[in-house]
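Data first, discussion second: the structure below is written as structure tokens.
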Amino acid sequence: IRKLTVATLSFMVCWGFVLVLAQIKPFWIDEWRIIYNLKYKSPSGLWGQLDFLQQFPRFYLELIKAFCSPFDYSYFTLRFPSFLAGTFAIMLSYRLMGKIYKPGQVNRFLFVLIIISSHAFTEYYVQIKQYTMEILLSLVAIWQLLQLLHPDISRGRYLLLCLSFFIAPFFSYTYPIVVAPGCFIGCTQSIHRLKSADGPANKAEWLARQY
């Protein structure tokens with residue numbers, strides 16, 4: 001099953017890369033509306049209301065414009081950002097699978113396959129839409145929760161984790177909703193660990209390690 005899963009993921013990434021390289025997938029009307037905003041709005045103008053009732057995380061849209069503009073908004077540059085986010089989502093989901101499920105559980109591969117076989121993923125894998133980034137950052141939220149629950153998290157990693165909580169919402173509308181339960185669980189876990197520490201000295205030492 002593992003080999004079949006890896007083969008399926010590899011085929012999907014390769015096929016996605018073909019769609020990015022070869023101009024065989026025409027842009028549909030919603031993509032043309034995003035392209036219009038990218039081409040004819042200034043970087044500062046992208047932070048205002050987008051034309052044609054479009055919605056897009058603005059910082060992510062700015063990065064796409066900065067990437068596409070030097071190449072005159074070529075087919076490859078317009079398709080590549082979404083493909084890159086989707087590919088990272090595939091890799092992260094496979095990594096999370098090993099952290100959430102035990103090695104002997106055969107159904108753990110369903111975690112990855114359900115994500116990449118969803119309509120939102122397969123439909124928008126190489127399209128100029130934000131949905132692959134939304135899926136990627138939803139998985140990042142799960143990874144952040146696992147890091148918070150790690151008993152021996154280092155101070156440096158903890159600071160980077162806090163920084164990632166601040167940066168991620170600039171790339172996704174969905175991330176704050178997904179990460180909210182993780183923050184609640186992390187806070188609850190921290191309170192439980194603080195209460196289980198023996199004596200005021202141990203409590204102070206635990207707090208110093210966390211903050």
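Residues of the range 120-175 being in a helix (DSSP H, G or I) and aromatic (Phe, Trp, Tyr), which ones?
Phe121, Tyr124, Tyr131, Trp143, Tyr158, Phe165, Phe166, Phe170, Tyr175
Could you grab me the full set of residues in the range 106-155 that are among the polar types (S, T, N, Q) and within 24 Å of Leu78 (Cβ to Cβ)?
Once the filter is applied, which keeps residues that are among the polar types (S, T, N, Q) and within 24 Å of Leu78 (Cβ to Cβ), the range 106-155 yields Ser118, Thr122, Gln127, Gln130, Thr132, Ser138.
Please work out if Arg95 is over 19 Å from Phe171 (Cβ atoms) and either assigned to a helix (DSSP H, G or I) or of a type outside the set (Asp, Glu) (or both).
yes
Please determine, by comparing only the residues of the range 80-113 that are surrounded by 15 or more Cβ atoms within 10 Å (Cβ to Cβ) and more than 17 Å from the chain's Cα centre (by Cα), which one is farthest from Ala22 (Cα to Cα).
Restricting to residues being surrounded by 15 or more Cβ atoms within 10 Å (Cβ to Cβ) and more than 17 Å from the chain's Cα centre (by Cα), the top hit is Tyr101.
Contact list please: Cβ distance under 6 Å, first residue in the range 162-179 and closer than 16 Å to Leu145 by Cα and among the acidic types (Asp, Glu), second residue open to solvent by 80 Å² or more (accessible area, probe 1.4 Å) and at pLDDT 85 or above, pairs at least six apart or on different chains.
none
Could you list, in sequence order, all residues of the range 123-160 that are of a type in the set (S, T, N, Q) and at pLDDT 90 or above?
Residues satisfying the conditions are Gln127, Gln130, Thr132, Ser138.
Confirm whether Phe27 is open to solvent by less than 30 Å² (accessible area, probe 1.4 Å), assigned to a loop (DSSP other than H, G, I, E, B) and touching a residue at least 24 places away in the same chain (Cβ under 8 Å).
In short, no.
Would you check which residues across the range 39-79 are touching a residue at least 60 places away in the same chain (Cβ under 8 Å) and either open to solvent by 20 Å² or more (accessible area, probe 1.4 Å) or farther than 24 Å from Leu136 by Cα (or both) and list them?
Result: Gln55, Arg58, Phe59.
Tell me which of these Phe11 doesn't satisfy, since it passes every other one: (1) in a loop (DSSP other than H, G, I, E, B); (2) aromatic (Phe, Trp, Tyr); (3) within 21 Å of Thr122 (Cα to Cα).
Evaluating Phe11 over (1) in a loop (DSSP other than H, G, I, E, B); (2) aromatic (Phe, Trp, Tyr); (3) within 21 Å of Thr122 (Cα to Cα) leaves (1) as the failure.
Of all residues in the range 36-69, how many are among the aromatic types (Phe, Trp, Tyr) and more than 21 Å from Pro176 (Cα to Cα)?
Of the residues in the range 36-69, 4 are among the aromatic types (Phe, Trp, Tyr) and more than 21 Å from Pro176 (Cα to Cα).
State the number of residues belonging to the range 144-187 that are open to solvent by less than 40 Å² (accessible area, probe 1.4 Å) and among the hydroxyl-bearing types (Ser, Thr, Tyr).
Looking only at that region, the number is 4.
Looking at the structure I just gave you, is Thr5 part of a helix (DSSP H, G or I) and touching a Gly at 6+ places or on another chain (Cβ under 8 Å)?
No, not satisfied.
Quick one: how many residues across the range 118-143 are open to solvent by 30 Å² or more (accessible area, probe 1.4 Å), over 19 Å from Tyr175 (Cβ atoms) and either acidic (Asp, Glu) or in contact with a helix residue (DSSP H, G or I) (Cβ under 9 Å, 6 or more places away or on another chain) (or both)?
Of the residues in the range 118-143, 2 are open to solvent by 30 Å² or more (accessible area, probe 1.4 Å), over 19 Å from Tyr175 (Cβ atoms) and either acidic (Asp, Glu) or in contact with a helix residue (DSSP H, G or I) (Cβ under 9 Å, 6 or more places away or on another chain) (or both).
Quick check on my filter: what residues within the range 31-82 are in a loop (DSSP other than H, G, I, E, B), out of contact with any Cys (no Cβ under 9 Å at 6 or more places or on another chain) and over 22 Å from Phe121 (Cβ atoms)?
Across the range 31-82, the qualifying residues are Lys41, Ser42, Pro43, Ser44, Gly48, Gln49, Leu50, Asp72, Tyr73.
The values are calculated or read from the model by the stated rules, or taken from the named source; none is laboratory data. The shown structure was predicted, so the numbers you read here are calculated from the model rather than taken from an experiment. Cβ atoms come from the backbone with ideal geometry, glycine included; neighbour counts cover every protein chain shown. Ligands, DNA and RNA are excluded from the accessible area calculation, which covers all protein heavy atoms including side chains. Shrake-Rupley method; radii C 1.70, N 1.55, O 1.52, S 1.80 Å.
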